[in-house]
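Have a look at the structure below, then the notes.
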Amino acid sequence: MTIEKRGNKWRISEMRDGIRYRITIDYKPSKREAEDLILERIQNGDVVCKTNDSFEAAAIKYMELKNNLLSPWTISGYKTILRALSPRFKSCKLSNIDQIVVQKEINDYSATHSPKSTRNVHGFISAVLSVYKPSLKLHTTLPQKDKFEPNTPSEDDIKRILKEVSGTVYEIPYKLGCYGLRRGEVCAITAADLDGNMLTINKAMVISEGGGYEIRQMPKTTDSIRTIYIDDALADQIRNTEGVIFPYNPPNLRDHLADIQKQLGIQHFRFHDLRAYYATLAHSLGIPDKYILANGGWSSNNILDRVYKRTFAEKQAEANMKIASALK
């Protein structure tokens, strides 16, 4: 163990089981104090890895370390990414991972996956290595991003779909989607989440360890936890429902929406694009961005600006007609 002064601080450093622990404090500690502080760090500190651990072992410990800080979707996504990595890379020891090893893995993965998926994989690898091998600075060549333009449904599209599902088990989910709820959030809603017209969103249906689905509470640190106001009719529908308001899993909503779009001759859009509909409608009504962000559970304005703040085609045409009329 070493105790040395660094500027106006004192640093305690000790190597145990191949892992170096460092603590910086404002005063010079006694040897006993330093030992107690190191022991406390070991007992209460982060999940740690040794350099002879495999990447897979490090990734699992990383997810354990972040389990209470990240959303269920993020953790589930990380597990999916880990399963998709090659056995060669997963078994590679941290001490043997360098830029070349990472680049080869990304290059091989990109051959059969989209640029977005490849970038997500690299993001996960980088996150794990930044914690357990911080000295490695990655400069990986990544595939160019695909330009993605989501199809924001029109007001007419929404009205036709809601009319078609009226009185069915799908009516409440689609209405909640128009309020900005995600599929997993919709599938976890019960009447107990309702207080008058105020609906609290604090849990979601996610993929379980066994590959099925389960309802999990969202971490309290995410912006996804929120309470929104809903209309009287929808509140009454939820209030009169026993158990979860939708008795199936999220993929069922995806598949049903695709089927009903074909049936009605509506251009395809995802259930997730109902969030775009909500944000676009709210923006067109003059709702301040900070309220749109809060109601939709978005963490930053970047997502809103990049994807969701769009003008409906018919409203844009109406605006252009007004301009043309004024220029006559």
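Observations on the model:
- Dipole axis of the stretch 55-132 (+1 Lys, Arg; -1 Asp, Glu on Cβ), positive-most option in HIS122, LEU70, ALA57: LEU70
- Cut-off 15 Å between beta-carbons: net charge of the residues surrounding LEU194, Lys and Arg +1, Asp and Glu -1: -3
- For the peptides 263-275, 283-295, residues were scored by their other Cβ atoms within 10 Å and the scores averaged per peptide; the highest-first order is 263-275, 283-295.
- Computed FRET value (nearest 0.05) for SER130 with SER325, which takes r as the C-beta separation and R₀ as 41 Å: 0.10
- Counting every pair of alpha carbons in the stretch 144-302, the share spaced more than 20 Å apart comes to 51 percent.
- Least to most buried among LEU85, LEU65, LEU181 (fewest other Cβ within 10 Å first): LEU65, LEU85, LEU181
- Charge dipole of the chain about the Cα centre (unit charges at C-beta), most positive-ward option of LEU94, ILE207, HIS113: LEU94
- Using a cutoff of 8 angstrom between alpha carbon atoms and counting only pairs six or more residues apart, the relative contact order for the stretch 155-316 works out to 26 percent.
- Using the rule -39500 (n - 2.57) for each DSSP H run of four or more residues, divided by the residues of the chain, the 222 nm mean residue ellipticity is -14000 deg cm²/dmol.
- Cα gyration tensor, the stretch 55-132 - rounded (a/c under 1.5), prolate or oblate: oblate
- Taking the Cα centre of the chain as reference, the dipole from Cβ charges on Lys and Arg (+1) and Asp and Glu (-1) amounts to some 1380 debye.
- Relative contact order, whole percent, for the chain stands at 14, derived from Cα pairs under 8 Å and 6 or more residues apart.
- Potential lengthening of the chain between LEU142 and GLU40 amounts to 32.6 nm, from the contour at 0.36 nm per residue minus the alpha-carbon distance.
- Average 1/r across all pairs of distinct alpha carbons in the stretch 135-211, invert it, and you get the Kirkwood radius: 16.2 Å.
- Taking SER76, SER91 and counting other C-beta atoms within 10 Å, the order from fewest to most: SER91, SER76
- Kirkwood radius, the chain, all distinct C-alpha pairs, inverse of mean reciprocal distance: 23.6 Å.
- Projecting the Cα atoms of ASN197, PHE269, LEU37 onto the charge dipole of the chain, computed from C-beta unit charges around the Cα centre, puts LEU37 farthest toward the positive end.
- The order of VAL169, VAL121, going from fewest to most other C-beta atoms within 10 Å of their C-beta, is VAL169, VAL121.
Bear in mind these aren't lab numbers, they're just calculated from the coordinates by the rules spelled out. Bear in mind the structure is a predicted one, so any value in this text is a computation, not a measurement. So basically every Cβ, Gly included, is an ideal-geometry build from the backbone, and we count neighbours across all protein chains shown.
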